[in-house]
Amino acid sequence: MTTILIVDDHQLFREGVKRILDFEESFEVVAEGDDGTDVIDLYMEHRPDVVLMDINMPRMNGVEATEQLIAQFPDAKVIMLSIHDDESYVTHALKSGALGYMLKEMDASEIIQAIKVVSNGGSYLHPKITHNLVQEFRRLSEREHKGSFQQAEIRRPLHLLTKRECEVLQLLTDGQSNRVIGETLFISEKTVKNHVSSILQKMNVNDRTQAVVMAIKNGWVEVK
């Protein structure tokens, strides 16, 4: 059983997330809070496996709360929840010690997957965030090469991945969710998850973001 603490100042949002998580038999929401100032006491009392933390709260925001939580409990696993997809928010969240960053527009399946990944020691970024980071990577590359950046010819890693896995990897780089990848390739979402797991194992990485970064560095995917 994965125990979860939800901290968000919007009660309706907390209730909506809790209803989503209640459908997952292996999840249990053990406590809720409405501000970052609640986090330490709630964590000490319930010792949840994962904390879902709103990034914007009135008295203490999620970044400050996460910094304080990690300082006292270095093994705490936090997923930040936000309406912002700007890289500066993501950077501050990750620097604070959060292992995940999810947009509040997320699908139910995405938040369930994020919790499972983070509870098992991995990290998880909302697919749209991954896409934005890819764009930032390209922007920095262009600056480094003084505007002369041009991606070399794409060489699919067929020595490592199957053709279908290469297609899935490209769509991950494009920032697509498992649902959209399934619809694009006309396969089930479960099959997509199996392909993603296989890709991570073959590439020897822990999560989707690491897979995308490695793929870009090796010229295995097109940066659009």
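The values are calculated or read from the model by the stated rules, or taken from the named source; none is laboratory data. Note that the structure is a prediction, hence the values are computed from the model and not measured. Note that we place each Cβ from the backbone using ideal geometry, even for glycine, and neighbour counts take in every protein chain shown. Please note that ligands, DNA and RNA were not included when accessible areas were found on the heavy atoms of the full protein model with its side chains. Shrake-Rupley method; radii C 1.70, N 1.55, O 1.52, S 1.80 Å.
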(request) Could you tell me whether M80 is under 21 Å from L21 (Cβ atoms) and in contact with a His (Cβ under 8 Å, 6 or more places away or on another chain)? (result) no
(message) I'd like the full set of residues that are in a strand (DSSP E or B), within 19 Å of T2 (Cβ to Cβ) and open to solvent by less than 70 Å² (accessible area, probe 1.4 Å), limited to region 28-74.
(response) V29, V30, A31, G33, V50, V51, L52, M53
(request) Identify the single condition in (1) among the charged types (D, E, K, R); (2) part of a helix (DSSP H, G or I); (3) open to solvent by 50 Å² or more (accessible area, probe 1.4 Å) that R155 does not satisfy, given that it satisfies every other one. (result) (2)
(message) Filter region 210-219 down to the residues that are assigned to a helix (DSSP H, G or I) and open to solvent by 30 Å² or more (accessible area, probe 1.4 Å) and list them by number.
(response) Q210, V213, M214, K217
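Give the residue that is most open to solvent (accessible area, probe 1.4 Å), with candidates limited to residues of region 172-209 that are outside any loop (DSSP other than H, G, I, E, B) and among the charged types (D, E, K, R). Show your work before the answer.
Initial filter on region 172-209 (outside any loop (DSSP other than H, G, I, E, B)): 172-173, 178-185, 189-203, 208-209.
Next, from what is left, pick out any that are among the charged types (D, E, K, R): 179, 183, 189-190, 193, 202, 208.
Numbers: R179: 100, E183: 110, E189: 59, K190: 149, K193: 85, K202: 82, R208: 26 Å².
Among those residues, the one meeting the criterion is K190.
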(request) Hey, could you check region 11-27 for residues that are open to solvent by 20 Å² or more (accessible area, probe 1.4 Å) and either touching a residue at least 24 places away in the same chain (Cβ under 8 Å) or among the aromatic types (F, W, Y) (or both) and say which is farthest from A108 (Cα to Cα)? (result) S26
(message) Looking at region 202-215, can you tell me whether even one residue there is closer than 24 Å to E105 by Cα and over 20 Å from the mean Cα position of the chain (by Cα)?
(response) no
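Among F13, F27, which is the only one that is aromatic (F, W, Y) and in contact with a Lys or Arg (Cβ under 8 Å, 6 or more places away or on another chain)?
Values: F27 fails: in contact with a Lys or Arg (Cβ under 8 Å, 6 or more places away or on another chain).
Residue meeting the stated conditions: F13.
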(request) Among the residues of region 113-127, write down those that are aliphatic (A, V, I, L, M), under 11 Å from V50 (Cβ atoms) and in contact with a helix residue (DSSP H, G or I) (Cβ under 8 Å, 6 or more places away or on another chain). (result) I115
(request) Can you run down the residue pairs with Cβ atoms below 8 Å, 6 or more apart or on separate chains, where the first is in region 75-92 and more than 13 Å from K128 (Cα to Cα) and open to solvent by less than 70 Å² (accessible area, probe 1.4 Å) and the partner is part of a helix (DSSP H, G or I) and of a type in the set (F, W, Y)? (result) A76/Y43
(request) Scan region 97-124 for residues that are within 26 Å of P74 (Cβ to Cβ), not aromatic (F, W, Y) and not in a loop (DSSP other than H, G, I, E, B) and jot them down. (result) G100, M102, I111, I112, Q113, A114, I115, K116, V117, V118, S119
